[in-house]
């Protein structure tokens with residue numbers, strides 16, 4: 001199982017994998033697991049906000065709880081919590097550091113090279 005995980009992560013970083021196909025069983029509360037399951041629905045190279053995520057979970061007032069559960073995600077890349085941003089488009093909270101969050105988002109959606117001429 002670890003070999004398969006490493007193989008899929010390598011494909012992700014090489015740019016040839018957009019979705020992981022692994023049997024997951026992260027440990028957490030029922031609410032955390034609901035949040036983590038919803039994170040799996042965020043498409044590759046797309047983002048959503050904490051507010052939108054809380055709406056999808058059925059409680060707009062749960063935004064702080066959603067953010068806290070997002071921060072407790074033990075499978076950072078495989079369960080793509082880096083795809084959750086602030087409602088204003090800002091990069092907020094990432095256990096691995098905001099520079100990693102930025103890198104992952106840019107890895108998934110690189111800016112096209114601008115022509116100089």
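The figures follow:
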item: Hits in segment 58-81 - residues which are closer than 19 Å to residue 31 by Cα and within 11 Å of the chain's Cα centre (by Cα); result: 70, 71, 73, 75, 76, 78, 79, 80, 81
item: Residues satisfying the stated conditions in segment 18-37, i.e. part of a helix (DSSP H, G or I) and under 26 Å from residue 7 (Cβ atoms); result: 33, 36, 37
item: Contacts under 7 angstrom Cβ, first residue in segment 30-59 being on the phi > 0 side of the Ramachandran plot, partner outside any loop (DSSP other than H, G, I, E, B) and buried (at least 18 other Cβ atoms within 10 Å of the Cβ), 6 or more apart; result: 45/108
item: When residues of segment 42-58 are limited to those that are in contact with a helix residue (DSSP H, G or I) (Cβ under 8 Å, 6 or more places away or on another chain) and part of a loop (DSSP other than H, G, I, E, B), the one nearest to residue 69 (Cα to Cα); result: 57
item: Test set (1) in contact with a helix residue (DSSP H, G or I) (Cβ under 9 Å, 6 or more places away or on another chain); (2) at pLDDT 95 or above - residue 26 fails condition number; result: (2)
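Let's see how each residue does on (1) in a loop (DSSP other than H, G, I, E, B); (2) modelled with pLDDT of 95 or more; (3) surrounded by 14 or more Cβ atoms within 10 Å (Cβ to Cβ):
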| position | (1), (2), (3) |
| --- | --- |
| 65 | no, yes, yes |
| 76 | yes, no, yes |
| 87 | yes, no, no |
| 90 | yes, no, no |
| 93 | yes, no, yes |
| 96 | yes, no, no |
| 105 | no, yes, yes |
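The values are calculated or read from the model by the stated rules, or taken from the named source; none is laboratory data. These numbers come from a predicted model, not from an experiment. FYI the Cβ positions are ideal-geometry reconstructions off the backbone, even for glycines, and counts take in every protein chain you see.
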